[in-house]
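Trainee: Quick one: this structure, given as C-alpha cells, is what I'll be asking you about.
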Amino acid sequence: MVETIIPEWIIGLILILGVLVVGLVSLGLITTGRSYFKNHKVGVALSGLVVSWFAIILVLISNGAFHMDDGQRNPLQLIALLSPIAGSYIIYRSSKTVQQFIFSIPLYWLTIIQVARTGGIIFLYLMVIGILPAVFAIPAGIGDFTAGILAIPASFMLWKMKKHARKMTAIVTIFGIGDLVVAISIGNISSAIGNISNTLLVLIPTFLVPLFLIAHMFTIIRLRKKTRC
C-alpha cells in the first residue's frame, strides 16, 4: 500500500477534537455524579473508563495495530468499533447504579456531544486532496456535518424544555445513527478505511464513531421513557 501523507494540521485537528470530546464527556460524567446523581464516585469511575479507552486506542494507533495491507481487512478495527458499544450496554444492563446514573444525565448533554461531528466536513477536504474516495467522503462528510448542526437546536430545545424537543431529538438521533451506519458500510467496501488505517485519522472509526453511537444508544433508551430533559 502506498504511504498516505496527511497534512500535519489535519492530524493536529483530529487529535485536538479527540481530546476535547474526551474532556467534555469526562466533565459531563463527573458533573452529573456531583450535581445530579449525588454520588461523584460513579461519575469519576465512568470518566476514568472513557479516558482509559481513549488512551488505549492512541497506543494501538501509535503501534500500527489498525494498519491494513492491500485487499486485507483488519479485524481489530471491527473489535474497536463494536466492543465499546456492546460493553457499555452490558455494563448498563448489569448495574442498577449505572442505570440510575444514565437517567440522571441531562438529556441535552447526551445530544450536544454530537455537535463535534461537524468536524466531519474535513472528509470533503481529504477527498479534494486525493486521500479519501468521493463515494465515502461526500455522504460521510455532509452527513456528519448535518448531524452535528442539527444537534445544536435539538440540545437547545431540550435545555429549554421546548415543545416537541423530544421529537426533534428522536429525529436527530435516528438521522445520526443512519449517517454513521452508512459511513461505516461505505468505508469498509471502499478504500477509505485502508487509506487512513496507518494514520491518526483512524481515531475516527475506532474511537469517535463508537463514542457517538454510545451517546445515541443512551439517548434512545432515555427517549423511550419520559424523563426530564
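Rule-based calculations on the coordinates, nothing more; no lab input. The model shown is predicted, which means the values in this text are computed figures rather than measured ones. FYI the Cβ positions are ideal-geometry reconstructions off the backbone, even for glycines, and counts take in every protein chain you see.
Trainee: Show me the helices (runs of 4 or more DSSP H) found entirely inside segment 151-229 where at least 2 residues are touching a Leu at 6+ places or on another chain (Cβ under 7 Å) and more than 26 Å from L15 (Cβ to Cβ).
Mentor: Of the helices (runs of 4 or more DSSP H) lying wholly inside segment 151-229, those with at least 2 residues that are touching a Leu at 6+ places or on another chain (Cβ under 7 Å) and more than 26 Å from L15 (Cβ to Cβ) span 165-189, 209-224.
Trainee: Within segment 40-71, track down each residue that is over 20 Å from the mean Cα position of the chain (by Cα), in contact (Cβ under 8 Å) with a residue 40 or more places away in the chain and over 23 Å from I112 (Cβ atoms).
Mentor: Within segment 40-71, G64, H67, M68, D69, D70 qualify.
Trainee: Moving on to the next point. Of the numbered conditions (1) touching a Cys at 6+ places or on another chain (Cβ under 7 Å); (2) closer than 22 Å to L78 by Cα, R117 satisfies every one except a single condition; which is it?
Mentor: (1)
Trainee: Out of everything in segment 105-126 that is in contact with a helix residue (DSSP H, G or I) (Cβ under 6 Å, 6 or more places away or on another chain) and of a type in the set (F, W, Y), what residue ends up being surrounded by the most Cβ atoms within 10 Å (Cβ to Cβ)?
Mentor: Taking the candidates together, the pick is F123.
Trainee: Can you tell me how many residues within segment 161-201 are closer than 19 Å to I142 by Cα and either in contact with a Phe, Trp or Tyr (Cβ under 8 Å, 6 or more places away or on another chain) or of a type in the set (G, A, S) (or both)?
Mentor: 10
Trainee: Does segment 77-104 hold any residues that are assigned to a helix (DSSP H, G or I) and buried (at least 16 other Cβ atoms within 10 Å of the Cβ), and which are they?
Mentor: Residues satisfying the conditions are Q77, A80, L81, P84, I85, S88, Y92, V98, F101, I102.
Trainee: Looking for something in a helix (DSSP H, G or I) and of a type in the set (A, V, I, L, M, F, W, C) - is there at least one such residue anywhere in segment 62-72?
Mentor: Checked segment 62-72: no residue is in a helix (DSSP H, G or I) and of a type in the set (A, V, I, L, M, F, W, C).
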